[in-house]
Amino acid sequence: MEGTSLYLPIVILLMQCSPSVPVSVSTDRHKVEAQEFSDAVLSCTFRTEKDQNPRIEWKKKGRGVSLVYYDGHFKAPFEGRASIEGATVTLQRVTQEDAGEYRCEISAPNDSVQLGETNVTLKVLVPPHTPSCEIPSGAVTGSVVQLRCRDQQSIPPATYSWFKDSMPLSPPWRANATFVINSHTGVLEFKAVAKEDTGRYSCLASNGVGPPKMCEAKHMKIEDVNILAVVAAVVVVFLVVVACSCGGLFLHRNGFFSRHRGRSNVNYIPPPQEDFKHTQSFML
């Protein structure tokens, strides 16, 4: 008993000197991804030193800092579509407006360290929309032709694949291929189109979030250059130039231009001159 009584003060002293744990805040996931119009869970857990009723706040960073949860209530635009359990917040039917960086703050006035915080970044994923396709209706053989496909709303950005007559166009593996597909920009480029490239073209956008979307197929016709039409146009232009030149030469030889130049002074009458009469003289 005497030995135990000797050690008891030492144990009590060590318990009093042992470091206490101040407020600490953490999260299970610093980066959260949620599909548009689904729910997103922003986790926040904390541990305090003494304070059993700390103040919980959520804020969103942007151009400034806006309140999400404060004084036991959600603030607009989260009011009515968010819930909290402990310090973990669930946002319902998230949209692109909800994407951004959030901060969970725990204030414990009775602790030695009175404030702790952690950050959570929310990324809202958007499935593909029907892409906008630019497909020319026609072109001549040998010319450079570009077909464009774009979906500006999908997050992450969509990748694109092209179809001809409902059959996929595989990216060419040969260096001398006649066309090039950029799956990131959605551009299908023909370096020199041929009549064999005539067909119905469509584009498919996909990003792994939702079902892929395809634009309406459009027909593109490739035709040879009409040599006869080109020659006829050149002949017509040549004849017009010759006719204008001959007409101008004929008018010049018949004095048409010189007659018109001479008529400008025919009716000119100089003003009458009055004699100057000295009516008065004076001396200085």
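The values are calculated or read from the model by the stated rules, or taken from the named source; none is laboratory data. Keep in mind that what you see is a predicted model, and the values were worked out from it rather than measured. No Cβ is skipped: glycine too gets one built from the backbone with ideal geometry, and neighbour counts run over all protein chains shown. Each accessible area value is taken on the protein alone, full model and side chains, heavy atoms only, with ligands, DNA and RNA left out. Shrake-Rupley method; radii C 1.70, N 1.55, O 1.52, S 1.80 Å.
With respect to the conditions (1) open to solvent by 40 Å² or more (accessible area, probe 1.4 Å); (2) free of Cβ contacts under 8 Å to residues at least 40 places away in the same chain, Ser161 lacks only one, and its number is (2).
With respect to being out of contact with any Gly (no Cβ under 9 Å at 6 or more places or on another chain) and free of Cβ contacts under 8 Å to residues at least 12 places away in the same chain, Ser143 falls outside the description. Only residues that are more than 21 Å from Asp39 (Cα to Cα) and among the hydroxyl-bearing types (Ser, Thr, Tyr) were counted across region 60-115, and they come to 2.
If you take the residues in region 127-138 that are out of contact with any Cys (no Cβ under 9 Å at 6 or more places or on another chain) and open to solvent by less than 60 Å² (accessible area, probe 1.4 Å), which one is farthest from Leu188 (Cα to Cα)?
At the first step, the residues of region 127-138 found to be out of contact with any Cys (no Cβ under 9 Å at 6 or more places or on another chain) are 127-129, 136-138.
With the extra rule that they be open to solvent by less than 60 Å² (accessible area, probe 1.4 Å), the set shrinks to 127-128, 136, 138.
Values: Pro127: 23, Pro128: 19, Pro136: 12, Gly138: 15 Å.
Ranking the candidates gives Pro127 first.
Taking the residues in region 35-66 that are touching an Asp or Glu at 6+ places or on another chain (Cβ under 6 Å) and over 18 Å from Glu101 (Cα atoms) as candidates, determine which candidate is most open to solvent (accessible area, probe 1.4 Å). Result: Lys50.
Ile84 meets all of the listed conditions (1) surrounded by 15 or more Cβ atoms within 10 Å (Cβ to Cβ); (2) more than 20 Å from Leu42 (Cβ to Cβ) but one, namely (2).
Would you be able to say whether some residue in region 152-168 is among the aliphatic types (A, V, I, L, M) and not in a strand (DSSP E or B)? Show your work before the answer.
Within region 152-168, the subset among the aliphatic types (A, V, I, L, M) is 155, 158, 167.
Next cut, not in a strand (DSSP E or B) only: 158.
Checked against the condition, which is being among the aliphatic types (A, V, I, L, M) and not in a strand (DSSP E or B), region 152-168 yields at least one hit.
How many of the residues in region 139-148 are open to solvent by 40 Å² or more (accessible area, probe 1.4 Å) and of a type outside the set (Val, Ile, Thr)? Of the residues in region 139-148, 3 are open to solvent by 40 Å² or more (accessible area, probe 1.4 Å) and of a type outside the set (Val, Ile, Thr). Of all residues being aliphatic (A, V, I, L, M) and not in a strand (DSSP E or B) in region 101-126, which is least open to solvent (accessible area, probe 1.4 Å)? Just the residue, please. Among those residues, the one meeting the criterion is Ala108.
State all residues of region 67-80 that are assigned to a strand (DSSP E or B) and either open to solvent by 90 Å² or more (accessible area, probe 1.4 Å) or farther than 18 Å from Gly116 by Cα (or both); if no residue qualifies, say none. Result: His73, Phe74.
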